[in-house]
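Notes follow the structure.
The values are calculated or read from the model by the stated rules, or taken from the named source; none is laboratory data. The model shown is predicted, which means the values in this text are computed figures rather than measured ones. Note that we place each Cβ from the backbone using ideal geometry, even for glycine, and neighbour counts take in every protein chain shown.
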Amino acid sequence: MAMDKTFDAKTAEARIYEMWENAGAFKAGANASRDETFCIQLPPPNVTGHLHVGHAFNHTLMDILTRWKRMQGYDTLWQPGLDHAGIATQLMVEKELAATGQPKRTELGREKFLEKVWEWKGDKGGVIEQQARRLGDSMDWSRSAFTMSGAESAPEGEKPGNFHDAVLKVFVQMYNDGLIYRGKRLVNWDPHFETAISDLEVENIEVDGHMWHFKYPLAGGETYEYVEKDEDGNVTLRETRDYISIATTRPETMLGDGAVAVNPKDERYAPIVGKLCEIPVGPKAQRRLIPIITDPYPDMDFGSGAVKITGAHDFNDYEVAKRGNIPMYSLMDTKGAMRADGKPYVEEAATAQAIANGEQKFDEAMIAAMNMVPEEYRGLDRFEARKKVVEDITSEGNAIMHDVTRTEKDEDGNKVEVTETVPFVEAKKIMQPFGDRSKVVIEPALTDQWFVDTAKIVGPALDAVREGRTKIMPESGEKVFYHWLENIEPWCISRQLWWGHQIPVWYGHPVHEINWATDKRLRTEPGANVDHTSFDFVAFCAPTFEQAQEQALEYYRIKGIASPETVIEIEAAPTRESYPMGWAPDNIELWRDPDVLDTWFSSGLWPFGTLGWPEDNDAMKYFPGDVLITGQDILFFWVARMMMMSQAVLKEDPFHTVYLHQLVRDAKGEKMSKTKGNVIDPLDMINEYGADALRFSNAQMAALGGVLKISEDRIKGYRNFGTKLWNAFSFADHYEIAYPGDAARPTATQTLNKWIIGETGKVREEVDAALESYRFNDAANALYAFTWGKVCDWYLEFSKPILQGEDATAKAETEQTLRWVLDQCLILLHPIMPFITEELWGLADSRAKMLVHADWPTYTAAELVDADADREMNWVIDLIDNTRSARAQSHVPAGAKVPLVVTGLDAKGQSAWDNNHVLIQRLARIESLTAVDAFPKGCVTIPMEGGTFGLPLADLIDVPEEIARLEKTLQKLAKELGGLRGRLGNPKFVASAPEEVVAEAKENLALREGEEAQIKAAIARLKEIG
RNA sequence: GGGUGAUUAGCUCAGUUGGUAGAGCGCUUCCUUUACACGGAAGAUGUCGGGAGUUCGAGCCUCUCAUCACCCA
């Protein structure tokens, strides 16, 4: 049966994939013939995700390695799975609810909403797993993991799994080890999602902003001499001021100022340090006075050199406020609007003033409860509040003014200059933090959150890289890794979301005093500001309520006298006032922390959570895994955290190699974005050119550390490569070469067969060496050059005369060799191009195994290369190349057969000719060879080692053109000769260069000199007739 | 401001301990010759960003400048 003209990727790929999957070809341990394991953990895509070019790229690399190792007989596992992706998924489901007119999340309530999310996951989640199959990914789908599997909210019938157990176990263990704590800290707050997010989820983007300059009047109308000096100490400005000038980009936060700070070295403000100044906003009667303090933070050269300190709304100010024990007033609610809760401003301001005056003690909780927003601003959005604050300050005359002159036309059309005094507002580029999901401006907010004390667990991860236990590729990644880990900040792991692992902590009222005799009901301290996020409650951390209950009974010291029934779980209250006060032994109420964990906390456990841990599980043999392949953008998000968590929990590194790649860009190197419209969908590429072409293109561009630019032209080129391979089989078909399959390597006697077998040995070594060092591009290029450049261009051409010839022995040997070589191409190409190779493999009469499980060869170049055959075939190729080149440049018609003459042919040359003249004559279109003493007139010269060949073209050649051709060659040669002679003439080179380099140069020189002589002689002859 | 990387053929990029530059695409010419026009044959194009240094020898190592990209403030 004749083969189709080309490989029909569209229908074949689906069929082949199904065949593999049905055969269980990708199952953990499939085809294993040795004990060593090889395991890759897929970076879990979001459950909401779709396959994009970045996935396609790194999946290709992972699949290449997995298929390669599987063929080598390793016990392989490529572990797939999905990430529940807290914010992204919650957002998507909320959008869906809105789009379909269903009740909102908050209307549904937590339980119902989570049902919806699971429902959505069941319907639409995991699309990407189907898409990954299109790429040919050989993951063990039967083991697909999900980071929320086993969660309390999971519905019946949801795939089994215990990731939730792993998460809770780790949380509890780390809590008990003191690695996780709760605290009030300034965190990045996302006003859209109303949750805290980690530093890494914040994108700082430069935007156009403004810098306002305001006067903070000194208390009691005090004045001072304000003096400015230039670099040489000359006075440039001297004036009496009754204010201090403050520059700010965020006027709305002035309401929460706790102090004004100046640099201790700043002489300009030395006279007023320690005095009080007035925040120039809010009701005139309750203007707050705040102290002027010193701190190293203010930069004397920036703005006025004085900085307002708003500890609850700026990260730098927060540090200053902590150092100076300055109160930090929170001004905004969870949506980023000015707070509307708390006491009337008059009362709050009075308390604040008492604090500023040092008359009133304060603590965190007290400050947190105070609302320093005057009534007129309460409830305003933060940006509206900014506008109003600026207007109010300006109208009161506390804005710094300056003169601006502009040109206008008067009534008569004459140009006149108009000078106006206007508020001094600088237009300025400012770095503004945005949520990477919500795209809204992030607000630093003082809230109670859970943190991982990263400083305590970072050590082993750093050591792993420092000591080489974990290798980061490319190496530059290591520097970045050190830099970040050495300066690591606490990791905020609580999120005010619903979709995620709920924090396994229950709170109860603390025992402040016990008086069993008089009061059965013990109360919390009167007036304490408490909420479920406060230290004023006592926390019980346990994986289940039952275990928390045990702890509670212990804590309240009533074990034995009260039964578990008296300790009950209630819902966490929305506000602190809603909690019942105190507790009684017969009614102890516990409520669970409503927050969930950062998604990355669970994905940090991916290397072992997927393998069934903490259950004792056979799959744990795949831990630690081998190599992690992922985008460099999640080095910190994920890679570093997996390393820290694996060490913290299991005291082992999760993998020995981290392969980082860059973002995949379009052909021009630009980021792909929907708005730019330059998004390449890998599925489109697969539909158009087949998965193999896309995969080959991916492998080919995977140079370590390289920029990844995906180009459709390239993919097309590799589709063509697939067709070329296809046609090599079609060639065998055409010559009716038997294809029994799985035949042993023939023992070759024919030079060309010996040669191609040797070349196969070389390429196998190249491919293995490349893959072992993750140089996928080298592996791909070596195979491309071998298959196309060696096998198709030369070997198949060389084989034609034998296949058509009469020598039955030679023919049989060549047929077997050809089949063997083509099979080797299939095996070696399979990890990169699995589909077309499996299809071609199936053309054989019989196969012991599918190609996906074929044995990877181990032969070496040393074993297979026959040096004589190698030399001879290369000589033949050279002669053909040179002859073709001479013909083309002499305009000999491509089809014409011409005679060839030779002079000075030595024994080696003679034998090479004799052995291969049929090939040479066929491929170079030579009629005959005649040995001559001297070339006839008008002969084109082809210099070769072991003899000078010539094409006697007589009148056909254009003498001046031929002379020009030869002189050009001579010029090139002269350049090379110059270099060689220069080097060899330099005594220092001969003395200091390695011997083999010198020997090589000498040999090269002799060769080139011979060529030069031949060409010079040829030019001389031509000149005779010219 | 700090860090990392890049700068090589018209384009996109390789180039592994320093030994005298390659691939794919594109381009030019020729060829529909019995595997393949998703093909074959031939060909052109580079002071390897600028400058300096180390070395017998530098695309590669060192310094410096320029431009660009990304990450972190």
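Quick notes on this structure:
Listed here are the residues, each with its yes/no results for (1) closer than 29 Å to A:Asp868 by Cβ; (2) within 15 Å of RNA strand B (Cβ to nearest atom); (3) of a type in the set (Lys, Arg); (4) assigned to a helix (DSSP H, G or I).
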site	(1), (2), (3), (4)
A:Ser911	yes, no, no, yes
A:Val918	yes, yes, no, yes
A:Asp933	no, no, no, no
A:Pro943	yes, yes, no, no
A:Glu962	no, yes, no, yes
A:Glu967	no, yes, no, yes
A:Ala974	no, yes, no, yes
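- Residues of the range A:251-267 that are assigned to a loop (DSSP other than H, G, I, E, B) and either at pLDDT 85 or above or buried (at least 24 other Cβ atoms within 10 Å of the Cβ) (or both): A:Asp257, A:Gly258.
- Scan of the range A:193-243 for residues that are in a loop (DSSP other than H, G, I, E, B) and surrounded by 10 or more Cβ atoms within 10 Å (Cβ to Cβ), ordered by number: A:Phe193, A:Glu194, A:Ser198, A:Glu222, A:Thr223, A:Asp242
- Residue check, A:Leu929 under 52 Å from the mean Cα position of the chain (by Cα), under 27 Å from A:Arg871 (Cα atoms) and surrounded by 11 or more Cβ atoms within 10 Å (Cβ to Cβ): no
- Set A:Gly101, A:Gly54: member being over 21 Å from A:His192 (Cβ atoms), assigned to a helix (DSSP H, G or I), at pLDDT below 85 and not acidic (Asp, Glu): A:Gly54
- Test: residue in the range A:711-734 that is within 7 Å of RNA strand B (Cβ to nearest atom) and not in a helix (DSSP H, G or I): yes
- If the condition is being at pLDDT 90 or above and either assigned to a helix (DSSP H, G or I) or farther than 16 Å from A:Cys939 by Cα (or both), then the range A:879-905 contributes A:Leu879, A:Ile880.
- Per-region count, the range A:988-998, residues in a helix (DSSP H, G or I) and either within 8 Å of RNA strand B (Cβ to nearest atom) or among the basic types (Lys, Arg) (or both): 5
- Residue that is farthest from RNA strand B (Cβ to nearest atom), among those in the range A:485-511 that are farther than 30 Å from A:Val465 by Cα and of a type in the set (Val, Ile, Thr): A:Val511
- Residue check, A:Val876 out of contact with any strand residue (DSSP E or B) (no Cβ under 7 Å at 6 or more places or on another chain), at pLDDT below 90, surrounded by 13 or more Cβ atoms within 10 Å (Cβ to Cβ) and part of a helix (DSSP H, G or I): no
- Residue within the range A:817-824 that is in contact (Cβ under 8 Å) with a residue 60 or more places away in the chain, of a type in the set (Lys, Arg) and more than 16 Å from RNA strand B (Cβ to nearest atom) present: no
- Cβ-Cβ under 7 Å pairs, at least 6 apart or on other chains, the range A:193-210 side at pLDDT 75 or above, far side among the acidic types (Asp, Glu) and within 14 Å of RNA strand B (Cβ to nearest atom): A:Glu201/A:Asp436; A:Val202/A:Asp436; A:Glu203/A:Asp436
- Candidate set: the range A:973-1011, residues that are within 23 Å of A:Gly904 (Cβ to Cβ) and of a type in the set (D, E, K, R); chosen: the one surrounded by the fewest Cβ atoms within 10 Å (Cβ to Cβ): A:Glu1003
- Residue check for A:Ser138: of a type in the set (Gly, Ala, Ser), under 30 Å from A:Met71 (Cα atoms) and not in a loop (DSSP other than H, G, I, E, B): no
- Yes/no for A:Leu923 being within 13 Å of RNA strand B (Cβ to nearest atom), at pLDDT below 85 and surrounded by 12 or more Cβ atoms within 10 Å (Cβ to Cβ): no
- Output for the range A:976-986, where each listed residue is assigned to a helix (DSSP H, G or I) and near RNA strand B (Cβ under 8 Å from one of its atoms): A:Glu976, A:Gly979, A:Gly982, A:Arg983
- Checking A:Gly946 against (1) in contact with an Asp or Glu (Cβ under 8 Å, 6 or more places away or on another chain); (2) farther than 20 Å from A:Ile880 by Cβ, the condition it does not meet: (2)
- Each residue in the range A:761-791 was checked for being in contact with a Leu (Cβ under 8 Å, 6 or more places away or on another chain), within 9 Å of RNA strand B (Cβ to nearest atom) and at pLDDT 90 or above, and 1 of them qualify.
- Restricting the range A:454-496 to residues that are loosely packed, with under 15 Cβ neighbours inside 10 Å and among the small types (Gly, Ala, Ser), the residue that is nearest to the chain's Cα centre (by Cα) is A:Ser476.
- Matching residues, the range A:142-194, being hydrophobic (A, V, I, L, M, F, W, C) and closer than 14 Å to A:Arg495 by Cβ: A:Met148, A:Val167, A:Phe171, A:Val187, A:Trp189, A:Phe193
- Only one entry of A:Gly342, A:Gly324, A:Gly303 meets the criterion of being touching a residue at least 24 places away in the same chain (Cβ under 8 Å), surrounded by fewer than 22 Cβ atoms within 10 Å (Cβ to Cβ) and farther than 24 Å from A:Ile244 by Cβ, and that entry is A:Gly342.
- Evaluated against (1) among the small types (Gly, Ala, Ser); (2) more than 15 Å from A:Met139 (Cβ to Cβ); (3) surrounded by fewer than 22 Cβ atoms within 10 Å (Cβ to Cβ), A:Gly24 falls short on exactly one condition, (2).
Here's the yes/no breakdown for (1) in contact with a Leu (Cβ under 6 Å, 6 or more places away or on another chain); (2) at pLDDT 80 or above; (3) small (Gly, Ala, Ser):
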residue: A:Glu417; (1), (2), (3): no, no, no
residue: A:Phe424; (1), (2), (3): no, no, no
residue: A:Asp436; (1), (2), (3): no, no, no
residue: A:Glu443; (1), (2), (3): no, yes, no
residue: A:Asp453; (1), (2), (3): yes, yes, no
residue: A:Ile493; (1), (2), (3): yes, yes, no
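- Residues of the range A:839-873 satisfying the condition of being surrounded by fewer than 15 Cβ atoms within 10 Å (Cβ to Cβ), under 30 Å from A:Lys908 (Cβ atoms) and of a type in the set (Asp, Glu): A:Glu863, A:Asp868
- Failed condition for A:Gly1010, given (1) in a helix (DSSP H, G or I); (2) within 16 Å of RNA strand B (Cβ to nearest atom); (3) under 27 Å from A:Asn874 (Cα atoms): (2)
- Matching entry among A:Lys184, A:Lys116 (being touching a residue at least 60 places away in the same chain (Cβ under 8 Å), in contact with a helix residue (DSSP H, G or I) (Cβ under 9 Å, 6 or more places away or on another chain), under 29 Å from A:Lys439 (Cα atoms) and surrounded by fewer than 20 Cβ atoms within 10 Å (Cβ to Cβ)): A:Lys184
- Of the helices (runs of 4 or more DSSP H) entirely within the range A:780-872, those holding at least 1 residues that are of a type in the set (A, V, I, L, M, F, W, C) and farther than 29 Å from A:Ile686 by Cα occupy A:796-804, A:808-829, A:861-864.
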